[in-house]
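For reference, the structure is listed below as structure tokens.
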Amino acid sequence: MFYHFPGIDWPTPYGVMLAIACVAAWWLARHRASPRGLDPSHVDFALPLAFVGGVCAARVLVAIVPEERLLAGTALLAEERARLPALAMAGLLVLFLYCRVAGQSFRRLADAFAPAALLWVAILRIGCFLAGCCFGDLAATVARLDAVADARLRLQVQTLPALFTAGMPWAVRFPADSFVYRQHLALGLIDSDATASLPVHPVQLYESAAALLLCFALLRRRAASRRPGTEALTAFAGYAAIAFALQFLRADNALLLGPLTGNQLIYLGWLAAVPLLAALPPKSRTG
């Protein structure tokens, strides 16, 4: 993968994709503000506040609840990283507070941001693919996996083996010292002289494509056919369903409850909250 541009350490390809994602999301949200009766300048103020607030809150959560990419008592691959669900929830809270202070409709501003947030995720996940983070399950049958004593670890790195026993032409191998390479090496799935990891699902690209399709679906819907807040709830529920399903194909998150990761439990909470939020009368909602 492309962790660095040739000859330079900074900026990284991931950082470039993050910057492109932020600019694209800002442009799309600003473009959608006026048709919803909002001054586009509110996007200029609210977007950076929501992003910075979300990142700070997510980092605090990581510090309180550290996570390891591998279980069984090993600290290898332990990493502090801002979780996307935490970032999203904190960002929504900051957006809510901004609307209270600025006297704006939270539902309308959230609608303006909804497809933009999906576009942001779609571009960011390409950066994740380039960086080798958020990597996927094994995409082929691996005999050595049977030698892994911890059943939870086996399930973590290949949750649905029956579906992918013959390998896949679009599976990818990450180079030496990448996150997935280090995981496979720690589990004894590859030898120390291996030049790349075993083939894994490019789950980052799966999520990118799914988020982009959902973004386009929202953009094609007629504004007159929906009440304020509908687009935001649709994006919220749609992304939660996508992310929940794709977590079964991710190998970087530790299992918390059976085959479910902590992120999946959060996404289930999102999905449970959507019908409750949708049932609230307009006057009970902010904006």
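The values are calculated or read from the model by the stated rules, or taken from the named source; none is laboratory data. In this text, all values refer to a predicted model and were calculated from it rather than measured experimentally. Heads up, the Cβs are rebuilt from the backbone with ideal geometry, glycines too, and the neighbour counts pull from every protein chain shown.
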| said: Cβ-Cβ under 8 Å, sequence separation 6+ or interchain: first residue in the range 121-139 and within 28 Å of Ala162 (Cα to Cα) and basic (Lys, Arg), partner surrounded by fewer than 22 Cβ atoms within 10 Å (Cβ to Cβ) and modelled with pLDDT of 95 or more. Which pairs? | reply: Arg125/Leu205; Arg125/Ser208
| remark: Restricting the range 73-107 to residues that are exposed (fewer than 14 other Cβ atoms within 10 Å of the Cβ) and on the phi > 0 side of the Ramachandran plot, the one modelled with the highest pLDDT turns out to be Gly103
| Of all the residues that make up the range 199-213, how many are within 22 Å of Gly269 (Cα to Cα) and surrounded by 23 or more Cβ atoms within 10 Å (Cβ to Cβ)? | 2
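Looking at Ala194, Ala143, Ala171, Ala186, can you tell me which residue is closer than 20 Å to Thr261 by Cβ and out of contact with any helix residue (DSSP H, G or I) (no Cβ under 6 Å at 6 or more places or on another chain)?
Ala186
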| Near pairs, Cβ below 8 angstrom, 6+ apart or cross-chain, from the range 238-267 (touching a residue at least 24 places away in the same chain (Cβ under 8 Å) and in a strand (DSSP E or B)) to any residue that is among the small types (Gly, Ala, Ser) and buried (at least 17 other Cβ atoms within 10 Å of the Cβ) | Arg250/Gly136
| request: Report the residue count in the range 108-130 for those that are of a type outside the set (A, V, I, L, M), in contact with a Cys (Cβ under 8 Å, 6 or more places away or on another chain) and either more than 15 Å from Ala50 (Cα to Cα) or surrounded by fewer than 24 Cβ atoms within 10 Å (Cβ to Cβ) (or both). | output: 3
| request: Given the conditions (1) on the phi < 0 side of the Ramachandran plot; (2) modelled with pLDDT under 90, report the number of the one that Leu138 does not fulfil. | output: (2)
| request: Find all pairs meeting these conditions: Cβ atoms under 8 angstrom apart; at least six residues apart or on different chains; first residue within the range 169-180 and under 16 Å from Cys133 (Cβ atoms); second residue part of a helix (DSSP H, G or I). | output: Phe174/Val180; Phe174/Tyr181; Pro175/Tyr181
| request: Read through the list (1) more than 14 Å from the chain's Cα centre (by Cα); (2) part of a helix (DSSP H, G or I); (3) within 30 Å of Gly37 (Cα to Cα), then give the number of the only condition that Arg227 fails. | output: (2)
| Test result for Ala210, at pLDDT 95 or above and among the hydrophobic types (A, V, I, L, M, F, W, C) | yes
| If you go through the range 180-210, how many residues are of a type in the set (Lys, Arg) and assigned to a loop (DSSP other than H, G, I, E, B)? | 0
| query | Restricting the search to the range 216-235, which residues are surrounded by 13 or more Cβ atoms within 10 Å (Cβ to Cβ), over 18 Å from Trp27 (Cβ atoms) and modelled with pLDDT of 80 or more? | reply | Ala217, Pro228, Gly229, Thr230, Ala232, Leu233, Thr234
